[in-house]
Structures are given as C-alpha cells and as structure tokens.
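Here's the structure, in structure tokens; my notes come after.
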Amino acid sequence: MATAATDHMADELYGTPEAREAAFDAAVAADERIEPRDWMPEAYRASLVRQMAQHAHSEIIGMQPEANWITRAPSLRRKAILMAKVQDEAGHGLYLYSATETLGASRDELLDKLHSGRQKYSSIFNYPTLTWADVGAIGWLVDGAAITNQVPLCRCSYGPYARAMVRICKEESFHQRQGYELLLALSKGTPEQHEMAQDAVNRWWWPSLMMFGPSDDESAHSAQSMAWKIKRHSNDELRQRFVDICVPQAETLGLTLPDPDLRWNEERGHHDFGAIDWDEFWNVVKGNGPCNEQRLTQRRRAHEEGAWVRDAAAAYAAKHGGAKA
Ligand code: BYC
C-alpha cells in the first residue's frame, strides 16, 4: 500500500507525477519513442493495448478467408504464394501480440478477450471469399488499405509497435502486389475470368473503405490518439488517400470501381466518392456480419486444438530453463 514515505521514495527515484507527465509530453512532442520501461499515462497504455490487440486479432482472423482457397488454388505457383502469405499473417499476429505484451497484457488474456468477443478485429474479415478472384481482390484492396493505414504507424510514438510495423508493412507490400498481379491475370484472361475479377472488386470495394473506421466526426479515439502520435492521420484522411491510389490502379487493371459518384474533384485535388453504408459497418462491428460467427467459432476451435502444442512448448521451456539453472 502506498504511504507518504513510499510516495516520497518513488518521487525521489522517478520524479514527481507532474515531472513524469511533463517528460512524457516532451518526448511525444519531440517525436521521440516511448519505450516499455518509460513512464506513460495509464490511458495511453490502455489505448495502445486496445488498438494493438485489435490489430493482432485481425491478423490471425484474417488468415481464415484466404486459407479457404489454399486447397483450391489454380496452380502450384499460386498455392505456394498464398500459403506464404497466410503464414506471414500468422507472423504479423505474433509480432503484434509480443509488442502488446510489453505493455503488461498477457497473450492468454488477449486471446481470451478475442474469443469471448470483448475485443474486436477488423470488420473486413467478416465477409466471405466466394471465388478465387476474391484472393486477388483481398490482396489488392484489403492489403492495400492495410498498407495505407499502417505505413504511418511505423512512426507511432510507442517504440515496440512502430518497430513491428516496419517489417509488417514490407511484407504487406508483397501481399498487395501478389493480389494485383493475380487480378490483372484474371482481368486480361477469358471473359468469364474478367467477370469473376469484376465481381470480386464489386463485393470488396465498400468493405475495404470501411476498414479505415468511422468518419472523423464519429471516431471516438482519433483526436486523442493523434495527440499522442499513436495515429498520425485521421480515418477520413487515410480513406481519401486510399481512394486516390486505387482509381488509376483500377484503370490499369481494366476494372471498374462500383461507385457511380466516384469522380475527380479539381478543386479539392482528390476524388469525390459516394456515401458509405455506416449501418452495414456498425452491424458488422457489432458481430452481425455474414461470417462473424463462423470466424470466431473456427478461431476458438483452432485454439482448443492447439492446446497440446502450447503444453508441449511450455514443458520444453520448463525443462530447458531448469537444465540451465
Ligand atoms: N473494424 O475511434 P475509432 C490487417 C472500432 S488490416 C472493426 O476510429 P481507432 C490485415 C474501433 O476499434 C486490419 N472495428 O477507433 C490486412 C473502436 O472500437 P473500440 C487491422 C473498428 O482505434 C490484410 C470504434 O470502432 N488493422 O490486419 O482510433 C491481411 C471507434 O473507432 C473498425 C489495424 O487494426 C473496423 N474497420 O481507429 C491480414 C490497424 N474501425 O476499440 C490482416 C491498426 C474502427 O472503442 N488500427 N473500429 O471498442 C487502427 O489504425 C485503428 O484502430 C482503426 C480505428 C483505424 C482501425
């Protein structure tokens, strides 16, 4: 229990609460990194755990829609690429869980919150992958949106998150290219293949725009996260950047983006685009999307079936650690 004497000792060692807060604010203002042993406001820590856990969960849940197509990939080359990609997503989840652990949140606790629905994962992974072209559309649009959102996170004020993002973004960039190349091959293929590519883009375009989160005036966390330099740009800024990047890419692909209101606005220097269906977004976020239940059921089952691997790893670590001691 804290007493006047222990408070005094803490002040002597770490500075007064005011001095610690001022040091934190100064480090953020100077674009320095906050590291795990540095003092940080509890709300900063909690917000990072919230965002990073959601991000980690998205990576591992995101393996499911694409893994669905590994056994049905149309060639050995495509199968090998897709397997490598899905494996990368598992790796991203692991870097992000490790980074979140540096904030004092254990992996067990985080997974438990995912499995019980107390922590979210990205809305995008609650849509089904109906054809092979969906693998291409996910690579181009979903990984493309992820890169747009995540490159600025490489400059996040929290060191372990920023460093994890550097490697993740490099790998995401490979993922985006494989999707683009796959869609291009389909689009320039037979009329049926072209139609399949167009259908996939029609279904994935709007959910991809929703990945950036609610509009700025509805975003509960953006202002504070940007003040702390966790986020560097608002949801709407990043969404606009993504639309502007995609329009010329769609032209090269020979595919149409399913938005009749999409047009260049000379005055703004950006593309205008149609209204997002926010009812659909919140419905999916709240757990009522087409695949929410399937994704969580599958995740819980994978966790239960993997219990023996965790037990074996823990037993090995205990034996190994014991031998060392
Ligand atoms: N889906 O105040 P806001 C990937 C929640 S890519 C579900 O704007 P924030 C991958 C939000 O959590 C996908 N929930 O929040 C790609 C908050 O709820 P809570 C993962 C969403 O945090 C390819 C509430 O709505 N990427 O992993 O400032 C292959 C209010 O929102 C969504 C990341 O997570 C959504 N789309 O901004 C495989 C990137 N949008 O927490 C894998 C890191 C919002 O109050 N995350 N919500 O219950 C971020 O950059 C930010 O967290 C967001 C949201 C831009 C997503």
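Percent of accessible area on segment 120-219 owned by carbon and sulfur, 1.4 Å probe? Don't jump to the answer; show the numbers that get you there.
Details: 2050 of 3570 Å².
The value for segment 120-219 is 57 percent carbon and sulfur by accessible area.
Take the alpha-carbon centre of segment 101-164, take the same for segment 170-243, and report the distance between them in whole Å.
Answer, in whole Å: 13.
Where in segment 104-206 are there trypsin sites (Lys or Arg not before Pro) that are in a DSSP coil and have at most 15 other Cβ atoms within 10 angstrom of their Cβ?
118, 188
Return the long-range amide H neighbours of residue 158 (sequence gap of 5 or more, or a different chain), with a cut-off of under 5 Å between placed amide H atoms.
34
Divide by every residue of the chain the summed helix terms, -39500 (n - 2.57) for each DSSP H run of at least 4, and state the resulting mean residue ellipticity at 222 nm, rounded to the nearest 500 deg cm²/dmol. Could the numbers behind the result be given before it?
Details: 15 runs with 209 residues, N = 325.
Rounded to the nearest 500, the figure is -20500 deg cm²/dmol.
Just the Kirkwood number for segment 274-314, please: inverse of mean 1/r across all distinct Cα pairs, in Å, one decimal.
Details: mean 1/r = 0.0804 Å⁻¹.
Kirkwood radius, segment 274-314: 12.4 Å.
Label segment 235-325 by shape, choosing from rounded, prolate and oblate, from the square roots a ≥ b ≥ c of the eigenvalues of the Cα gyration tensor; if a/c is under 1.5 it is rounded, and otherwise prolate applies when a/b is larger than b/c, oblate when it is not. Write out the running numbers ahead of the final one.
Numbers: a/c = 3.65, a/b = 2.41, b/c = 1.51.
Judged from the Cα gyration tensor, segment 235-325 comes out prolate (a/c at least 1.5, a/b above b/c).
Which of the three applies to segment 89-130, rounded, prolate or oblate, going by the alpha-carbon gyration tensor with a ≥ b ≥ c and a/c under 1.5 meaning rounded?
Working: a/c = 2.97, a/b = 1.60, b/c = 1.86.
Because a/c hits 1.5 or more and a/b fails to exceed b/c, segment 89-130 counts as oblate.
Please tell me which of these pairs span more than 31 angstrom C-alpha to C-alpha: 85/286; 120/319; 79/319; 79/188; 188/229; 79/231? Working shown, then result.
Numbers: 85/286 28 Å; 120/319 36 Å; 79/319 38 Å; 79/188 20 Å; 188/229 43 Å; 79/231 35 Å.
In this structure, 120/319; 79/319; 188/229; 79/231 lie more than 31 Å apart at Cα.
With no solvent and one point on each alpha carbon, what is the Debye value of log10 I(q)/I(0) for segment 191-273 at q = 0.10, 0.17, 0.25 Å⁻¹?
Reported log10 I(q)/I(0), two decimals: -0.32, -0.78, -1.22.
Cα-based Rg of the chain per 2.2 N^0.38 Å, rounded to two decimals? Before the final figure, lay out the partial values.
Working: Rg = 22.1 Å, N = 325, 2.2 N^0.38 = 19.8 Å.
Its radius of gyration relative to the 2.2 N^0.38 Å reference: 1.11.
Return the Cα extents of segment 102-212 along principal axes one, two and three, sorted largest first, each rounded to a whole Å.
Cα spread of segment 102-212 along its principal axes, largest to smallest: 54, 31, 20 Å.
In square angstrom, what is the accessible area per residue of the chain with a 1.4 angstrom probe?
On a per-residue basis, 51 Å².
What are the equivalent ellipsoid semi-axes of segment 51-130, built from the alpha-carbon gyration tensor (square roots of five times its eigenvalues), in whole angstrom, biggest first? Please list the in-between numbers first.
Numbers: eigenvalues 143, 40, 13 Å².
With the √(5λ) rule applied to segment 51-130, the semi-axes are 27, 14, 8 Å.
If I fit a long axis through the Cα atoms of helix 292-305 and take the longest principal axis of the Cα atoms of the chain, what angle between them do I get, 0 to 90°, rounded to 10?
60
At most 15 other Cβ atoms within 10 Å and a DSSP loop assignment: could you name the GluC sites (Glu not before Pro) in segment 225-325 that fit?
Values: sites: 237, 251, 266, 267, 280, 293, 304, 305; in loops: 266, 267.
Of the GluC sites (Glu not before Pro), the ones in loops of segment 225-325 whose Cβ has at most 15 other Cβ atoms within 10 Å are 266, 267.
By how many degrees, between 0 and 90 and to the nearest 10, does the Cα long axis of helix 307-324 differ from the longest principal axis of the chain?
Result, in degrees: 40.
The values are calculated or read from the model by the stated rules, or taken from the named source; none is laboratory data. Since the model is a prediction, treat every value here as computed from it, not as a measurement. Reconstructed Cβ throughout: ideal geometry from the backbone, glycine too, with neighbour counts over all protein chains shown. Heavy atoms of the whole protein, side chains included, go into the accessibility calculation; ligands, DNA and RNA do not. Shrake-Rupley method; radii C 1.70, N 1.55, O 1.52, S 1.80 Å.
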